Amino acid sequence: MRTRITSILTVLMLLAALYVPLGAQAQEAPKMELPRFIMKGLKANITLTDPALLDVARDTAIVHYAGKDTAVILEHGVVTLPYNFPEKENVEIIYQGNTLSKPVNPIPLWLSILPPLIAILMAFLTKEVYSSLFTGTLVGAAFIAYYQGAGALAALFVGILDIFDTYIIETISDWGHTSVIVFLMLIGSTVALVSINGGMRGLVRWLSKYAKSPRSGQLINFLMDLCIFFDDYANTLVVGSTMRPLAKDLRISREKMSFIVDSTAAPVGALALITTWIGAELSYIGEGLKVIGSDESPYALFIESIPERFYPIFMLCFVLIIAISGRDYGPMWKAECIARRGGDTHDKMEVSNSNDSEIEPDEKTPLRWYNAVIPIGVLILVTVIGIFVTGYNASVWADAGESFGSKLMTTVGSADSYVALLWASISSTIVGIAITVFQKILSFHKAMNAMLTGFKIMLPATIVLVLAWTLALITKYMHTADFVSGALVAWNVTPLLLPALTFVLAGIIAFSTGTSWGTMAILYPLVIPVVWQLSINAGLDSEGSRTLLLNVISCILSGAVMGDHCSPISDTTIMSSSSTGCHHLAHVSTQMPYALTVSGVSLVFTILATLGVSSWILLPAGIVVMWAIVRFFGKKVVPLEEVER
């Protein structure tokens, strides 16, 4: 009997234990969740969750917040409430008799400019990029921690911890970033393989038949950049790695090769009709057109805006003028003179990305050019195939009303360039190993060691990229771009100055964030409606408004590319310096005067275009102006023959 009673009591206790949590869950109070990052004066969403309505598809309720009652619709017990956080306060919500309150201390928006600004200034002052990027990131992380409740000193320690356990992890968890890292490593392995197996040295020997002077070497570099027009990442890494040993033999400075590679890759990508850029550009332009209710084709506007993309056009011409003239100015002239005398500016640098000695072939290694051309050719070919395969849409190619060019542009624009580059890089690595082992130039074991050496070569660039991406993530969370764009767009300016102002604005944002694509994603939807409205307010007719809109579309892309060229935290700038073996800050400091020269000319001609001067007059005039600048301000680099005499 006692046993039976004990059993019954045990069962009742178990049922009670199960019942209490269920009951507690049913009676769980509503919850309020604030945004992770709160900036002063910017709207963000407060999330209100009612656990009792999680199984209800839609329900209406009255919520009191921001000083008034608001009717809301909860979907599965959740609703987001837009709220402007003007100052430090207790945010209060009253919902069905429940008062929910949380303290908030929003971050002043002007502080958002400090992390990238400190990183950039520190990089130029210390000539050391790793600590500069980390310091800029730490400043941002510490600001966030402080305004989330940590003390001033504690915020520094919390910021350091957050960098490693939150921001860096979030950065490398991004699919695109991870793809670039893997791509970099595999490209490094291909470069190491074709160098150690003698292929790169054989290719240099073959190219030497055509490139017998610094001038012809720079021209070949420029032409190779034009050939790989479909993707700027592939352009910088392939051309930079291929031309690096030839530049050394011809006594062309690493700074000059980095400049040619970097200043050609993005402009070509911005102008070519079949490129991985076009899909993103059309998407961003389309978003801006939707805001103003326009049914205009983004593709048509894209095509029409090409003649007014002064910066990328002028930069390509400027690179060609510099290469042909044999003249340079500023720090580039000094770097070139040192290189012509057989010196190396990197001797005085504390850090060098160069690892030439590790990938030099053995003296007995046969120097066969095709051992480099085949893997690099596979890289380019598979990239093109991958872009087509990942962007292919049967319905697009079945549309008889579209031209072949339009179908091809749509396909390339829809492609996943990251996947294509991954396919291409692993294919080139496999082919490089296969031809090296098959010819018995290296054993399989040594070929694998060469592959690991390539990984090691790309490690410094990878670290800089991860730090730059992490800083960019901080600027995104702190709305740096909103601060810069808001400050400039808020000016009550005449519509005729908007294209020039937009060019400057895009340049500042790209310089601060290190991303041209991110700049375009921010500015196209933001500026297109502003331009359209100001045009209407100024009384411009539809044709005048459309012309102004085309100018602004051109200026956003041009300014984004310009800022990217000047920024030490830009990914393509980092890749260019890494692929050519140039110290990163040496590349930035020598390229910036040239980029600012072209941007100054572009800005003046943008204003002239806005005033109605035809771009077909301005383009040749701009080329003449840049030739004159190089002719009168540039100095002849000491000829190689004079040094040898």
MET39 long-range amide H proximity, modeled H, under 5 Å: ILE107
Between ARG341 and TYR210, the FRET efficiency computed from the C-beta separation at R0 = 30 Å comes out, to the nearest 0.05, as 0.80
Per-pair calculated FRET efficiency, R0 = 22 Å: LEU496 and ILE617 via Cβ, rounded to 0.05: 0.75
Of all the C-alpha pairs in region 152-306, what % are more than 22 Å from each other? 60 percent
For LYS334, go through the lysines and keep the ones whose alpha-carbon is under 18 Å away, minus same-chain ones fewer than eight residues off. LYS127, LYS248, LYS256, LYS348, LYS635, LYS636
For the chain, the longest principal axis of the Cα atoms and the Cα long axis of helix 498-513 enclose an angle in degrees, to the nearest 10, of 80 degrees
In sequence order, calculated HN-Hα J values of region 361-373 (Karplus, 6.51, -1.76, 1.60; Hz; x Gly/Pro): x, 5, 4, 8, 6, x, 9, 10, 4, 5, 5, 9, 5
Using a 1.4 Å probe, what is the accessible area per residue for the chain, in Å²? 44 Å²
For every other residue with a beta carbon closer than 13 angstrom to the beta carbon of TRP206, add +1 if it is Lys or Arg and -1 if Asp or Glu, then tell me the sum. +4
Using alpha-carbon positions, the gyration tensor of region 35-106 gives root eigenvalues a ≥ b ≥ c; with a/c under 1.5 called rounded, otherwise prolate if a/b exceeds b/c, else oblate, the class is prolate
Interchain or long-range residues, amide H under 5 Å from VAL91's placed H: LYS102, VAL104
Rounded to the nearest percent, how much of the accessible area of region 139-225 (1.4 Å probe, protein heavy atoms only) is carbon and sulfur? 71 percent
With a 1.4 Å probe and all protein chains kept in place, how do SER577, SER614 rank by accessible area, largest first? SER614, SER577
Compute the signed sum of charges (Lys and Arg +1, Asp and Glu -1) over the other residues within less than 14 Å, Cβ to Cβ, of LEU550. -3
Less than 16 Å from a label point 7 Å out along the Cα-to-Cβ axis of THR80: which backbone N atoms in region 515-533 qualify, by residue? none
Quick one: what are the phi-derived ³J(HN,Hα) couplings along region 581-591, Karplus 6.51/-1.76/1.60 with θ = phi - 60°, whole Hz, x for glycine and proline? x, 9, 4, 4, 6, 5, 5, 5, 5, 8, 7
In degrees, nearest ten, helix 214-227 long axis to first principal axis of the chain (Cα): 40 degrees
In the full protein assembly as shown, how much of GLU304 is accessible to a 1.4 Å probe, in Å² to the nearest 10? 80 Å²
Which cross-chain or sequence-distant (5 or more) residues have an amide H under 5 Å from the amide H of SER294, H modelled 1.01 Å from N in plane? none
Along region 99-109, Karplus-curve 3J(HN,Hα) (6.51, -1.76, 1.60; θ = phi - 60°) to the nearest Hz, with x for Gly and Pro, reads 9, 10, 9, 9, x, 9, 10, x, 7, x, 5
Using the Cβ atoms and a cut-off under 13 Å, what net charge is assigned to the surroundings of LEU109, where Lys and Arg are +1 and Asp and Glu are -1? 0
Can you sort TYR594, TYR130 by solvent-accessible area, 1.4 Å probe, largest first? TYR130, TYR594
At a 1.4 Å probe radius, carbon and sulfur cover how many percent of the accessible area of region 540-645? 68 percent
Rounded if a/c under 1.5, otherwise prolate or oblate - the chain, Cα gyration tensor axes: prolate
Over the chain, what relative contact order in percent results from Cα pairs under 8 Å that are six or more residues apart? 19 percent
Over region 484-569, what relative contact order in percent results from Cα pairs under 8 Å that are six or more residues apart? 48 percent
Using a simple charge model, +1 on the beta-carbon of Lys and Arg, -1 on the beta-carbon of Asp and Glu, nothing else, what dipole does the chain show about its Cα centre, in debye to the nearest 20? 1740 debye
If you take the square roots of the eigenvalues of the alpha-carbon gyration tensor of region 70-191 and sort them as a ≥ b ≥ c, do you get rounded (a/c under 1.5), prolate (a/b over b/c) or oblate? oblate
What angle do you read, to the nearest 10 degrees and between 0 and 90, between the alpha-carbon axis of helix 516-537 and the longest principal axis of the chain? 80 degrees
Share (percent) of C-alpha pair distances in region 597-642 greater than 12 Å works out to 66 percent
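The values are calculated or read from the model by the stated rules, or taken from the named source; none is laboratory data. Worth saying up front: this structure is predicted, and the values here are computed from it rather than measured. Because the Cβ atoms are built from the backbone with ideal geometry, glycine has one as well, and the counts that use them run over all protein chains shown. Calculation scope for accessible area: heavy atoms of the full protein, side chains included, ligands and nucleic acids excluded. Shrake-Rupley method; radii C 1.70, N 1.55, O 1.52, S 1.80 Å.
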